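I have placed the structure first, in the form of structure tokens, so that the comments after it can refer back to it.
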Amino acid sequence: MTSTTPEQGGAAEPRLLIPALAPFYSFAREISYPLIRVTVGGTLLVHGINRSMIPLSRAAEEMAKSGHEPAMLFAVVALVNETVGAVCIMLGLFTRFFAASIAIELAMISIQFSHNGWAWAKHGWEYTFLWGLIFFAIALRGGGPYSLDRKIGREL
């Protein structure tokens, strides 16, 4: 595998201290991004499954209490993001669209919790902020090499 040089618009790969590890690192480089997509998508899917277990009207009531209006629209978008969107992120299908939508949802939640401070133990915003940044990075990158987006040859 050739390394990107600074002249090509990237940083050159550092030389390995243990050159015998080159085949492992080459393999790990290939699977690391799909692993991230599947992990964060699967983590979000658990939230979506939990959300789908309550009536949509109750989820909309919770949205309204939090000041999100139109509450039913926000409840539907959250449910779609956390179920269909999560599965699409895992598969790498419509990756940029769903990752951007999820990042926006998590930004709204971070803002909602911002008055609680940073610590998650106090329902702070650092956890949702972190996950929002991960989904934002996925939106910037797209599906990557092992994705259905790449297989079909199109991305949003």
Notebook entry, point to check: For region 21-33, what are the residues that are surrounded by fewer than 17 Cβ atoms within 10 Å (Cβ to Cβ) and closer than 23 Å to R141 by Cα?
Noted result: Y25, S26, F27, A28, R29, E30, I31, S32
Check: Of everything in region 137-156 that's modelled with pLDDT of 90 or more and basic (K, R), which residue is farthest from L93 (Cα to Cα)?
Finding: R141
Checklist line | Residues of region 30-62 that turn out to be touching a residue at least 12 places away in the same chain (Cβ under 8 Å), among the hydrophobic types (A, V, I, L, M, F, W, C) and within 29 Å of S147 (Cβ to Cβ), as a count | finding: 7
Note to self: Being modelled with pLDDT under 95, hydrophobic (A, V, I, L, M, F, W, C) and surrounded by 15 or more Cβ atoms within 10 Å (Cβ to Cβ) narrows it down to one residue among I109, I104, I134; which is it?
What the structure shows: I109
Next item on the list: Kindly provide the set of residues from region 62-88 that are at pLDDT below 95 and not hydrophobic (A, V, I, L, M, F, W, C), ordered by number.
Entry: E62, K65, S66, G67, H68, E69, P70
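The values are calculated or read from the model by the stated rules, or taken from the named source; none is laboratory data. Please read these numbers as outputs of a predicted model, since none were measured by experiment. Counting neighbours? That spans all protein chains shown, and the Cβs are built from the backbone with ideal geometry, glycine included.
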